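Below is one structure, written out as structure tokens; the observations come after it.
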Amino acid sequence: MMDPDRLTLAYLGDPNSIHTRRWAGWFAARGHDVHLLVPTGTGVTEGLHPAIRVETFTAAGPGLRSLRDVSATRRAVRDRLRAIDPAIVHAHYLTTAGWQAWLAGVHPFVVTVWGTDVYRNAATLGGRLQARLVLRAADLVTADSEDLATASVALGAPPRRVHVVHFGVDASAFRPGRDPRQLQARLGLAGRRVVFSPRTIAPLYRHGIVLEALAGLPDDVIGLFSAWGNREGELARLQRQAAGLGLTDRIRILDGIDHDEMADHLALADVVVSIPESDATPVTLLETMAVGRPIVASDTPSVRALLAALDPGALVPIGDAQATRLAIMARLEWSAERRQAFGELARTLVLQVADQDENMRLVERLYRDLAGRR
């Protein structure tokens, strides 16, 4: 007999995104029947929760394109979902997966907005049309900040259907007190102060500004970056900029960092920097706070909501290398006592608002409520 508490859940989203994996993986570990729909030909890297079943469909692409393409995608997604017969369809990312779920015309369906899909993609005419159609039809919209929720309502989401839900932090893995010495030795960073800029190497994340700031910092300060998911040509561009600034020997670009090792890399850092042009509430920022490390971040509404009371000096204007340098330098000079006090307050705040288990339990209750109306 089937467990009456077990839900059949169908997700649409990037199968290789750590955020999609952690969200769907939490529900798979919880015992729910989880399916992940991906376009045919999508490579799925190792590490997906073993209980998640990957289903493929033929997609014409995320854009409006021709009516024939739209119709083909609609049929492909709808037919796959009919075969699964999920209690809930959940799309992660508004203008791709959300668009595909809307085309399928299934209910109840949930869409989680990620930030760029609302702040940037929906700024175009086609993206705005997609966003409005999806948000008006969705039975539930989740956003990871009040600002992103407000922006979703402005695009057409009914306010009563919008909930603030964080992707969340695994507080047992991301915690203070990790010993970074072994990793320091492996990376050749012993005795150096480390500024870690962990976001994807792409124009949005302004790593070039980090390099400009680094050029004005003392010679013992090393910049640490991760090449995972970097956009074509961006890594080479960053390396050329570093060479032009005389920083080639003062940066380390790692091939990639497994999520299981991210906590150790954050603990290694003296300061973590996240300065994109636009942002919702980045999980990297929350994980940094959970580990208790100082932060320098773009002064965007979602980030300001977290840091304004905790450390307002950590917020810098977008694209301002001088302000970024000064903010980094100030935190490099913090005393051990101030670092510890900041770390304790930062972790307490994260546990209050962004604990993964608490946020996913909220989603589970919302799923059950929707499923009960089916």
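On full extension of the chain, what length is gained from Arg128 through Asp260, given 0.36 nm per residue of separation minus the C-alpha to C-alpha distance?
Working: separation 132, 0.36 × 132 = 47.52 nm, distance 3.64 nm.
This chain segment gains 43.9 nm when fully extended.
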- prompt: Given Ser278, Ala346, Ala327, which one lies farthest toward the positive end of the charge dipole of segment 181-353, if we put +1 on the Cβ of every Lys and Arg and -1 on the Cβ of every Asp and Glu?
  reply: Ala327
Top of Gln184, Gln352, Gln322 by mean-square fluctuation, Gaussian network on the chain, Cα under 10 Å: Gln352
field: Cα shape, segment 213-265, gyration tensor, a/c 1.5 rule
entry: oblate
statement: Diffing segment 198-209: the Karplus 3J(HN,Hα) column from phi (6.51, -1.76, 1.60, θ = phi - 60°), in whole Hz with x for Gly and Pro, holds x, 6, 3, 6, 8, x, 3, 8, 6, 5, x, 5
message: Pairs of alpha-carbon atoms within less than 8 angstrom and 6+ residues apart define the contacts here; what relative contact order does segment 181-353 have, in percent?
response: 24
Extension reserve of the Leu326-Ser278 stretch, reckoned as 0.36 nm per residue once the Cα distance is removed: 15.2 nm
message: Restricting to Cα pairs below 8 Å that are 6+ residues apart, what does the relative contact order work out to for the chain? Please round to a whole percent.
response: 14
task: For Ser226, list long-range residues whose amide hydrogen, built 1.01 Å from N in the peptide plane, is under 5 Å from its own amide hydrogen.
output: Leu254
query: Hey, quick one: spin label on Asp220, modelled 7 Å out along Cα-Cβ, who in segment 252-273 has an amide N within reach, i.e. under 14 Å?
result: 270
- prompt: In nanometres, what is the gap between the two model label sites at Ala227 and Ile84, each 7 Å from Cα along Cα-to-Cβ?
  reply: 3.5
query: Across every pair of different alpha-carbon atoms, what Kirkwood hydrodynamic radius in Å does the chain reach?
result: 21.7
- line: Stokes-Einstein D for segment 181-353 (20 °C, 1.002 mPa s, Kirkwood Rh from Cα pairs), in µm²/s, comes to 134
message: At R0 = 25 Å, how high is the FRET efficiency between Arg136 and Val164 if r is their beta carbon distance? Nearest 0.05 is fine.
response: 0.85
query: Using alpha carbons only, what's the Rg to Rh ratio of segment 80-138 with Rh from Kirkwood?
result: 0.99
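With charges set only on the Cβ (+1 for Lys and Arg, -1 for Asp and Glu), what does the dipole of the chain come to about its Cα centre, in debye to the nearest 20?
Roughly 980 debye, rounded to the nearest 20.
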message: If I take R0 = 41 Å and measure r between the Cβ atoms of Gln340 and Ala371 in this structure, what FRET efficiency does the formula 1/(1 + (r/R0)^6) give, to the nearest 0.05?
response: 0.35
statement: Among Gly313, Ile209, Thr248, the residue whose Cα sits farthest towards the positive end of the charge dipole of segment 181-353, when +1 is placed on the Cβ of each Lys and Arg and -1 on the Cβ of each Asp and Glu, is Thr248
query: Which is the longest part of the chain that has none of the GluC sites (Glu not before Pro) sitting in a DSSP loop with at most 14 other Cβ atoms within 10 Å?
result: 47-231
Extension gain, Thr42 back to Leu235 (0.36 nm per residue minus Cα-Cα distance, nm): 67.1 nm
Cα-projected label distance for Val106 with Asp5, points at 7 Å along beta-carbon direction, nm: 2.5
query: With a sphere of radius 14 Å drawn around the Cβ of Glu212, what net charge do the other residues whose Cβ falls strictly inside it have (Lys, Arg +1; Asp, Glu -1)?
result: +4
- prompt: ³J(HN,Hα) across segment 333-349 via Karplus (A = 6.51, B = -1.76, C = 1.60, θ = phi - 60°), whole Hz, x for Gly/Pro?
  reply: 8, 4, 6, 4, 5, 5, 4, 5, 5, 4, x, 5, 5, 5, 5, 4, 5
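How big is the antiparallel share of DSSP beta bridges in segment 181-353, given as a percent to the nearest 5?
Bridges in segment 181-353 are about 0 percent antiparallel.
Read the figures in this text as sums done on the coordinates, not as results from a lab. Note that the structure is a prediction, hence the values are computed from the model and not measured. Note: ideal-geometry Cβ built from the backbone for every residue, glycine included; neighbour counts use all protein chains shown.
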